[in-house]
Amino acid sequence: MRFTFKSKSIRWRIMFCIISAVFIMVLCLSVIIALNKRMIERLGKSYQTNAQLTELFTQVDSMEKSLENYFSYRTFESIDSFFHYQASSEELLYWLPESPSGDIVIQKEYVVKKLIMSLYSLSKEAVAAKRANNELFAQKKHKKSLECYAMLQSQVEELNILLMQRNAEIYSENTKSLSVVTRLSTLLLFVFFYSDVHDPLCFDYRNHQASFGYFGRSPEGGEAGF
């Protein structure tokens, strides 16, 4: 099949139109997927601090139960569990603040951290005294550790409520942001398809098809002349 110079030019313009459309579509979809993925991840992390607090207190609670078992039965398993849960809970303290703050939530986190550290100290002293058969000192430190643990339980409950309230606000904001991203994504796709349909190259291609058929052939089957 022989093509004229103009028909070859239109053919290359058509190929460029198609390649450009595919590239822009892939780019748009990549941006949309990345934005939505990021927003979904932010939604999933909205209540992360509540989960961290629960995990931390679970380890501390297990440590306290191990301490009670040791004082009741004085077994190797109980003392081993005590030190295990203490080490595990210490690793989870990284997200709690190191200094007091005017923010009510951060200040409550600071109080919880200090109570946990005090509980560590009192429990260790109670265990050391128990292992040294110093019953009077051991019972004294054990009693103080129980008082500290009771205070810690109360503070953790209050902190959990404060975190829940703050995280609910964050979740609401993230939900609104996700809604905005979804709408912008829809608008972006609409603009892409609209511009693609009204692309001058594609429009020229459709005119060329209507007048001369595909790639330089006339509707009657002969070659189109230019």
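The values are calculated or read from the model by the stated rules, or taken from the named source; none is laboratory data. Quick caveat, the model's predicted, so the values are computed rather than measured. For neighbour counting, all protein chains shown are included, and Cβ atoms are generated from backbone atoms with ideal geometry for every residue, glycine included. Surface areas here come from the heavy atoms of the whole protein model, side chains and all, with no ligands, DNA or RNA. Shrake-Rupley method; radii C 1.70, N 1.55, O 1.52, S 1.80 Å.
Taking only protein heavy atoms into account and a 1.4 Å probe, give the accessible area per residue of the stretch 61-147 in Å².
56
Using a 1.4 Å probe over the heavy atoms of the protein chains, calculate the carbon and sulfur portion of the accessible area of the stretch 48-188 as a whole percent.
Summing carbon and sulfur atoms, their accessible area is 56 percent of the total for the stretch 48-188.
Could you rank TRP95, TRP12 by how accessible they are, 1.4 Å probe, largest area first?
Descending accessible area places them as TRP12, TRP95.
Could you name the lysines in cross-link range of LYS114, using Cα to Cα under 23 Å and dropping any fewer than eight places away on the same chain?
LYS65, LYS124, LYS140, LYS141, LYS143, LYS144
So for each of 103-109, 165-171 I average, over its residues, the number of other beta carbons within 10 Å; can you give me the resulting order with the highest mean first?
Top of the packing list down: 103-109, 165-171.
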